[in-house]
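The values are calculated or read from the model by the stated rules, or taken from the named source; none is laboratory data. Just so you know, these numbers come straight off a predicted model, no measurement behind them. Virtual Cβ from ideal backbone geometry, glycine too; neighbours counted across all protein chains shown. We work out accessible area using only protein heavy atoms, side chains counted, and drop any ligands, DNA or RNA first. Shrake-Rupley method; radii C 1.70, N 1.55, O 1.52, S 1.80 Å.
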Amino acid sequence: MSAAPARTASAGLATTGARVALIVVWVTGVVQAILAGLLRDSGGAIGVVGFLLPLAGAVLVTWHVPGPLPRRRALIVLAGLLVGAMSLLPFLEVADRSASEIWLFNVNSYLAALLIMRGNVVIGTIGTVAVVAFALARGVISRQLGVDLAELVLPAVSGAVVGATWRFVLAAVVRREHAARERAALADAEARAAEDAARTSRAELAEILRIARPSLSDLAAGRTIDEDFVQQLTVAEGGIRDRIRAAELAHPVLVYAVDTARRGGARVLMLGGEDPSGAVVSDTLAEALAQLVAQAVDITIHARRSGVVSVLMRPAGGPAVRVLLDAEGQPANGQISGT
């Protein structure tokens, strides 16, 4: 399965849009605090710690790196939200449901939820548990354990649930989408391969028909099967056999030399199929083989792996010779021997 894109792996948080959105939310909180007189009433303490730490956390949690935040940055966000939440505890008035300090306290739980959403599940869960613990401790100390305390606890719990749901549901959707795309790509590749194979097969059949057509036309016209016609059939049959058994030797220069040799009565056998690439021999190798074919009355050419070709030939009036040629038509390891 291919890796998810950076934006998906980071749950959409490693983007400029996500960072701008979180900063806009932070700005609205600052405006709310100013209008409510929170900065003035707290002597600036909440303004410095309570507001700047969430801003830093928003910037870090939207850091432009693929996947979860690096561990160090995630821990910095965790430390910031813990310090921010603890610093707000002395100023909380949970009975005043419109107080901006409650919103400011809850921002820390939102950062923990964003860590979970980003993929830093353990660190984000620790942050959520810590914020809930701070809220419960504040409620126990102030003896306010009812609906007012729920304003501090429920945002943290619901944020963690939403963050985890977003993370794992998105991951499942992305896995299914990538699996579907890979299946589609594989099917497309198989279809293209089948089309290429069919095209190659049609071209090969057309070439075989080109070789066989003259002889078949002569047979259909009632030509007498004499020695010349038998020679023609031998050349045609050999050419078709060569294309089937030794496609990598189907170089035009070599094919012409082999056809000429067969018309002159030479016996030529070409074998191949050991090279999985199926590449046709090079020009220099084809020319070297053509020269050997022109000298022989009986020759076997066997294409092997890595472009190497072995030749067993018997020149006119001479002993049989075995030659091993490399891909450039040169004797491999100097191997030219009589047998």
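Per-structure values
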read-out: Test for GLY139: is it surrounded by 12 or more Cβ atoms within 10 Å (Cβ to Cβ) and within 39 Å of the chain's Cα centre (by Cα); value: no
read-out: The lone exception for LEU154 - which of (1) at pLDDT below 85; (2) surrounded by 12 or more Cβ atoms within 10 Å (Cβ to Cβ) it fails; value: (1)
read-out: Inter-residue pairs, beta-carbon under 8 Å, first open to solvent by 90 Å² or more (accessible area, probe 1.4 Å) and in segment 312-339, second polar (S, T, N, Q) and modelled with pLDDT of 75 or more, 6+ apart; value: ARG322/SER310; GLU328/SER282; GLU328/THR284
read-out: VAL235 vs. criteria aliphatic (A, V, I, L, M), in contact (Cβ under 8 Å) with a residue 12 or more places away in the chain and closer than 30 Å to ARG118 by Cα; value: no
read-out: Criterion: surrounded by 14 or more Cβ atoms within 10 Å (Cβ to Cβ), at negative phi, out of contact with any strand residue (DSSP E or B) (no Cβ under 6 Å at 6 or more places or on another chain) and of a type in the set (D, E, K, R) - qualifying residue of ASP228, ASP218; value: ASP218
read-out: From ALA246, ALA261, ALA257, ALA236, residue being open to solvent by less than 40 Å² (accessible area, probe 1.4 Å) and modelled with pLDDT under 85; value: ALA246
